[in-house]
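These notes are about the structure you will find just below.
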Amino acid sequence: MRRLGRLLLRLVGALLVLVLLLLAPVAWTEATCRGDIAPDDRQPIIADEGWQRPESRTLLTYPEWHIVHAYDDYAAVIADGDPHEFGFLRAIAGFWTALCPLQAEAMRMGPVTTDTKLTIYTIGVSFTAELLAKAAYEETAGRLFTWIRGPERALLDEVSAEQAAAYAGFLQQVPWYRWDFAADREELRRLASDEARDQERAFALGLEYAAKGAYAQVIARAAAGVGPDALRLRSVVDGLRQDELAAIEGIDVIGPVPQGGVLVETDRYRAYTRLLQRLAAEGADMVEIAGNDEILFTAISPRAAEDGALYSFARQGRDDYRHLFLVPVGDLLDRLRAMDGSDLTLEHVHDY
């Protein structure tokens with residue numbers, strides 16, 4: 001009994017240490033990543049509470065997209081490599097080090113709500129725990145089975161790479177918990193040969209997909225309880241007539257506004273980025289987005305640093321860098337047009 005008691009005590013102690021380690025980045029962010037609120041007496045054109053969104057959210061939507069980008073990087077690495085070649089710790093560090101300057105800048109735009117912080121910290125801790133667990137396996141047992149396999153990739157190496165790429169693409173527009181993890185698990189089970197690597201991939205990834213599928217159901221129920229995030233957005237556009245705007249797929253014209261420009265309604269997320277690129281090509285300008293006059297976008301270039309970037313870092317699986325820019329809404333489409341013919345490529349415009 002004493003031996004069992006000591007074992008339980010050690011397990012509890014180890015669990016406590018793990019929890020403290022996972023929460024350490026949260027404590028560091030709260031203690032060091034702070035900014036002063038700047039006064040703003042601007043009167044927004046889009047003042048309806050149903051359509052005006054906190055400006056700080058353009059910055060604080062990035063952490064979730066960092067996770068989306070991490071899955072995209074992982075898919076790029078294992079497209080012709082093995083999972084242990086992915087920098088799991090580097091992806092984790094990227095989340096928290098990017099969050100710090102973004103949170104400080106967001107606080108300048110106005111108070112950051114407790115709910116927003118809790119959401120970011122929850123996904124950050126979950127992301128950290130997931131990648132630590134995956135790193136622990138892939139750097140040990142996973143690496144061992146690649147050594148047993150030899151240099152020739154197994155069938156399930158190819159299948160899991162295709163699944164990772166499809167999942168990364170899915171995340172560009174749809175919440176992760178809507179992915180069919182059970183279908184991926186079944187595909188691995190059905191295609192696995194008797195080779196050791198295939199059996200190991202089917203077992204290890206099958207367990208991962210089962211855990212994610214179960215967690216996804218919990219998150220889906222929680223999301224249903226609080227209601228989905230708004231999927232539509234209103235903006236004020238100038239430089240194009242109402243009929244020209246109405247002719248662009250994805251734009252619903254609401255009408256002119258007294259301050260100048262046309263009020264339009266569109267989808268959010270990746271669809272909005274594509275729409276902004278179309279508006280830039282048509283010669284339009286943005287006046288205001290969701291009641292705000294500053295917006296974040298990310299762009300890719302072959303250089304490690306770009307003038308005016310809030311934060312820059314190398315992408316995994318590619319020889320380039322991601323840069324985060326905060327610009328006035330009125331300058332946004334000019335910035336997109338300036339990228340034409342350059343080696344700076346738009347990745348995503350972060351709405352609110």
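The values are calculated or read from the model by the stated rules, or taken from the named source; none is laboratory data. As the structure is a computational prediction, the values presented were derived from the model and not from experiment. Cβ coordinates were reconstructed from backbone atoms using ideal geometry, including for glycine residues, and neighbour counts include every protein chain displayed.
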Hey, Ala309 hits all of (1) in a strand (DSSP E or B); (2) under 26 Å from Asp40 (Cα atoms); (3) not acidic (Asp, Glu) but one; which does it fall short on?
(1)
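Taking the stretch 304-335 only, how many residues are closer than 19 Å to Ala91 by Cα and either of a type outside the set (A, V, I, L, M, F, W, C) or in contact (Cβ under 8 Å) with a residue 40 or more places away in the chain (or both)?
Taking the stretch 304-335 as the starting set, the residues that turn out to be closer than 19 Å to Ala91 by Cα are 304-305, 310-324.
In the following step, the residues that additionally are either of a type outside the set (A, V, I, L, M, F, W, C) or in contact (Cβ under 8 Å) with a residue 40 or more places away in the chain (or both) were identified as 310-313, 315-324.
Going through the stretch 304-335 one residue at a time, the tally reaches 14.
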If you scan the stretch 101-159, which residues turn out to be at pLDDT 90 or above and not in a helix (DSSP H, G or I)?
Gly150, Pro151, Glu152, Arg153, Ala154
Could you please let me know if Ser235 is within 30 Å of Asp73 (Cβ to Cβ) and small (Gly, Ala, Ser)?
no
Within the stretch 76-130, how many residues are surrounded by 15 or more Cβ atoms within 10 Å (Cβ to Cβ), over 24 Å from Gly142 (Cα atoms) and acidic (Asp, Glu)?
1
Quick check: anything in the stretch 42-63 surrounded by 19 or more Cβ atoms within 10 Å (Cβ to Cβ), among the acidic types (Asp, Glu) and touching a helix residue (DSSP H, G or I) at 6+ places or on another chain (Cβ under 6 Å)?
yes
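Looking at the structure I just gave you, is Glu288 surrounded by 13 or more Cβ atoms within 10 Å (Cβ to Cβ), assigned by TED's automatic domain parsing to the domain that holds Met339 and more than 20 Å from Trp65 (Cβ to Cβ)? Outline the logic, then answer.
Working: surrounded by 13 or more Cβ atoms within 10 Å (Cβ to Cβ): yes; assigned by TED's automatic domain parsing to the domain that holds Met339: yes; more than 20 Å from Trp65 (Cβ to Cβ): yes.
Criteria met by Glu288.
Table: residues versus (1) touching a Ser or Thr at 6+ places or on another chain (Cβ under 6 Å); (2) crowded, with 19+ Cβ neighbours inside 10 Å; (3) among the polar types (S, T, N, Q).
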site	(1), (2), (3)
Ser301	no, no, yes
Asp307	no, no, no
Ser312	no, no, yes
Val327	no, no, no
Gly330	no, no, no
Arg337	no, no, no
Gly341	no, no, no
Val349	yes, yes, no
Tyr352	yes, yes, no
